[in-house]
Amino acid sequence: MLTPSEAPVTDVARTYLNPTFVPLNMHRFVGNLSYAGFLIAGWAAYRYLSAKREDDREYYDWMGHWGLIWSFGFLIMQPIIGYGYLKSIRESAPDAFNTIMLGEKAWLFNLLMVELAIMGVASTAYFVHKLRFAMKPLETLRKLSVGALGFTALFCVLNLIPADASIVPQIGLEFLGGDETKIPLGSMYPWKFIGLIGLMLVGAVVVTLYLRAAATGFRWGNASRWSQYALIACAVTVILTMVTMGYTRETARRVDNNPGYLIYKCITLDQEFTPETCPAGKSLTRGLEQGVDE
């Protein structure tokens, strides 16, 4: 609905497989796998904190460990897939792209980066903590993981820097002249690319180090309470992330609400056809007109 096809509506294949169909579904598929893993880890953490028996704590500690490996492993794939999706939006619906990346809804990208930072730092901190309970002492791996935690925080900060001093103009959160004051480190190119790519690479290193330690086994049931709170924080944040991304995508169709679109530039929120702006052109209403004539 955000990027309707330029083909006539009678061309079913091209209408269905519109410009963002494949990248959006790739983004959703990988995101849903990560989403499920975080929820499993968060549930396991809650049960671990409330467990009374030792064998229950061991089981839920193990469950949280695998839930986070699964979720974090898929999470670090998302930036590059998300970039492909954004690129397809920019090419097929530039006005909508500008709304969510450069316009009045640009603050949603910063909010998404806050949520990504919470999940990235909390997950990496959990991995570092868990290495203390490896069956075989792995001090070198733990030191490397501590360094990776530092780089994760650094790249997250880089992603959080806004492009200008207008943070959320809708609520008046601006300073130093608002959007007229540009912040060099907040630009998408190259700094946001460096931040996102850095998170992916560091995340891959962290997962590799942690799996190396997991091969030797862990002493289950000894995790600290704060590490379980980290898993719960990830589970709550991933829900907010799904809401943020869904709202960002859907609000992009509305642009400036003059008019707002149900299908971008084709059908308004008031169910009115706009063939003059629709990529499919007059084919949008041709079938309807033929039906009326008959």
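The values are calculated or read from the model by the stated rules, or taken from the named source; none is laboratory data. Given the structure is predicted, the values throughout are model-derived calculations rather than measurements. Positions of Cβ are backbone-derived with ideal geometry, glycine not excepted, and every protein chain shown enters the neighbour counts.
What the table shows:
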item	result
Filter pass, Leu68 being under 20 Å from the mean Cα position of the chain (by Cα) and either in contact (Cβ under 8 Å) with a residue 12 or more places away in the chain or not in a loop (DSSP other than H, G, I, E, B) (or both)	yes
Considering residues of segment 164-211 that are in a helix (DSSP H, G or I) and among the aromatic types (Phe, Trp, Tyr) only, the residue nearest to the chain's Cα centre (by Cα)	Phe193
Members of segment 1-20 found to be out of contact with any Asp or Glu (no Cβ under 9 Å at 6 or more places or on another chain), surrounded by 15 or more Cβ atoms within 10 Å (Cβ to Cβ) and outside any loop (DSSP other than H, G, I, E, B), listed by number	Thr15
Members of segment 87-112 that are at pLDDT below 90, under 18 Å from Leu160 (Cα atoms) and assigned to a helix (DSSP H, G or I)	Ile100, Met101, Trp107, Leu108, Phe109, Asn110
Near pairs, Cβ below 6 angstrom, 6+ apart or cross-chain, from segment 181-209 (within 11 Å of Ile161 (Cβ to Cβ)) to any residue that is of a type in the set (Phe, Trp, Tyr) and crowded, with 20+ Cβ neighbours inside 10 Å	Gly195/Phe155
Flag for Arg253 being farther than 25 Å from Ile118 by Cα, of a type in the set (D, E, K, R), surrounded by 14 or more Cβ atoms within 10 Å (Cβ to Cβ) and under 23 Å from the mean Cα position of the chain (by Cα)	yes
Pick from segment 214-248, criterion among the aliphatic types (A, V, I, L, M) and not in a helix (DSSP H, G or I), ranking: farthest from Pro79 (Cα to Cα)	Ala223
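To keep it simple, each residue is scored yes or no on (1) aliphatic (A, V, I, L, M); (2) surrounded by fewer than 17 Cβ atoms within 10 Å (Cβ to Cβ); (3) under 25 Å from Cys234 (Cα atoms); (4) in contact with a His (Cβ under 7 Å, 6 or more places away or on another chain).
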site	(1), (2), (3), (4)
Leu112	yes, no, yes, no
Ala134	yes, no, yes, no
Pro162	no, no, yes, no
Gly177	no, yes, no, no
Leu196	yes, no, yes, no
